[in-house]
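Below you'll find the structure, written out as structure tokens, and then a few comments.
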Amino acid sequence: MFHRSAIIAFLLLPGALQAQERKRARDYGIRIGVMQPGTLNAITDVRGVKIGHTTLVKGDSIRTGVTAIIPAEGNLFQQKVPAAIFVGNGFGKLAGITQVNELGNLETPIVLTNTLSVPIAMQALAGLALAEKGNENVRSVNAVVGETNDGYLNDIRGRHVTVEDVNSAVQSAAAGKVAEGNVGAGTGTICFGFKGGIGTASRKLPASLGGYTVGVIVQSNFGGVLSIDGAPVGRELGKFDFSNHLLNNADGSCMIVVATDAPIDHRNLMRLASRAMLGLGKTGGIASNGSGDYVIAFSTAEGLRIPHSGNQPHQTVTLLQNDAMSPLFMAAIEATEEAIINSLLMAASAKGRNGNAVEALPLHQVLPILQKYNRLQP
């Protein structure tokens, strides 16, 4: 294992860091928050959650994709999961939000993609639900699709995402390690003026607090003044608030998905989702006027699955009390902050539409800044 100073010295060498060598926050000694991550430090630490990507990089102008989040095993339409969607800033095209918040549940996977591909993703999710065994009589499907606008690097007007691309992301979804950076719905995104992408993280509560897990995955595509674990990285790099570069690149969006195995229903999932926005704020995000910032939260607790139809008019469930929610709030804040930072650290420089290029976070400059502010641990 490299000593911290050896890692930094290596990174200072010109060209030393290639895309395939980029690492996650904790691999550099960045320890965000005080809670412990799960085994994988990913949303898939929540049992039953699966992630799939379809990445579209074609020619010199197609830089987009699809990321699918499968909340739980089985037929989601027939056995729905409790869910809530919190709106941080509503400049976006999130499909399915009203029914989720009216009925308090999810009945399809969650798909993330680019702004103009929301309709095709809805079509794909509806088709998958209608074709699933047991859904032969279904006549209404509430597909949940989130988006960010990747039009700087991607030929977004070409609407290159297809039903097959969405189906592939859903059907290839798996538990385990999650690909991050320039993959799936993060292929063409930009964050704090650098290449953004997909990022994930998790937190595991101690047994004394219930032992629950909170996992987060983000599609980062927003602006602000970058802060990493409290260190003023954006200011040190000259990307400070109201600098010309930031002012012209502040708009964007961030999709945040929060999963937990804690037994909480729509009401407390909404409270949990709102805390994820605090994590975005800790990274320096400002939820600008043109930013669509949404948090989708759901619980995988087995006893909370909601049957589409049943013979009994009542459902008896066991729910976590309000007084037990604070550790989950902290977990969501920390995991969201770290997921966003992971999305930046794992993203590689990219070139796309009209020759537009976005550089990756310059780690040869960032890591010494973090060392200066004592944010790197052995």
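Worth pointing out:
- Tabulated pairs, segment 272-286, first of a type in the set (S, T, N, Q), second assigned to a loop (DSSP other than H, G, I, E, B), C-beta under 7 angstrom, 6+ apart or interchain: 283/226; 283/227
- The residue list 337, 359 contains one member that is acidic (Asp, Glu) and open to solvent by less than 10 Å² (accessible area, probe 1.4 Å), which is 337.
- Filtering segment 150-158 for residues that are open to solvent by less than 40 Å² (accessible area, probe 1.4 Å), at negative phi, in a helix (DSSP H, G or I) and modelled with pLDDT of 95 or more leaves a non-empty set.
- Among residues of segment 31-52 being open to solvent by less than 30 Å² (accessible area, probe 1.4 Å) and of a type outside the set (Val, Ile, Thr), the one that is farthest from residue 227 (Cα to Cα) is 48.
- Hey, residue 54 among the polar types (S, T, N, Q) and in contact with a helix residue (DSSP H, G or I) (Cβ under 7 Å, 6 or more places away or on another chain) or not: yes
- Single residue of segment 130-149 satisfying the filter (open to solvent by 10 Å² or more (accessible area, probe 1.4 Å) and outside any loop (DSSP other than H, G, I, E, B)) that is nearest to residue 81 (Cα to Cα): 130
- Taking residues in segment 23-49 that are charged (D, E, K, R), and partners anywhere that are crowded, with 23+ Cβ neighbours inside 10 Å and not in a loop (DSSP other than H, G, I, E, B), the pairs with Cβ atoms closer than 7 Å and at least 6 places apart or on different chains are 23/345; 24/342; 24/345; 45/202; 45/213; 45/215.
- A single member of 301, 297, 348, 324 is surrounded by 24 or more Cβ atoms within 10 Å (Cβ to Cβ) and in contact (Cβ under 8 Å) with a residue 24 or more places away in the chain, and it is 297.
- Residue list for segment 271-294, restricted to those being in a helix (DSSP H, G or I) and open to solvent by 50 Å² or more (accessible area, probe 1.4 Å): 271, 275, 278, 282
- Single unsatisfied condition, residue 161 versus (1) over 25 Å from residue 47 (Cβ atoms); (2) open to solvent by 30 Å² or more (accessible area, probe 1.4 Å): (2)
- Subset of segment 69-92 [open to solvent by 10 Å² or more (accessible area, probe 1.4 Å), in a strand (DSSP E or B) and closer than 19 Å to residue 263 by Cα]: 70, 79, 80, 86
- In the set (1) open to solvent by 30 Å² or more (accessible area, probe 1.4 Å); (2) in a helix (DSSP H, G or I); (3) free of Cβ contacts under 8 Å to residues at least 60 places away in the same chain, residue 125 fails one condition alone, (1).
- Residue 100 vs. criteria over 28 Å from residue 154 (Cβ atoms) and β-branched (Val, Ile, Thr): no
- Selection within segment 57-68 - of a type in the set (A, V, I, L, M, F, W, C) and either without any contact (Cβ under 8 Å) to a residue 24 or more places away in the chain or crowded, with 21+ Cβ neighbours inside 10 Å (or both): 66, 68
- Residue that is surrounded by the fewest Cβ atoms within 10 Å (Cβ to Cβ), among those in segment 183-227 that are in contact with a strand residue (DSSP E or B) (Cβ under 6 Å, 6 or more places away or on another chain) and farther than 24 Å from residue 281 by Cβ: 183
- Counting the residues of segment 200-225 that are farther than 22 Å from residue 156 by Cα and not in a loop (DSSP other than H, G, I, E, B) gives 14.
The values are calculated or read from the model by the stated rules, or taken from the named source; none is laboratory data. Keep in mind that what you see is a predicted model, and the values were worked out from it rather than measured. Cβ atoms come from the backbone with ideal geometry, glycine included; neighbour counts cover every protein chain shown. Side chains included, ligands, DNA and RNA excluded: accessible areas come from the protein's heavy atoms. Shrake-Rupley method; radii C 1.70, N 1.55, O 1.52, S 1.80 Å.
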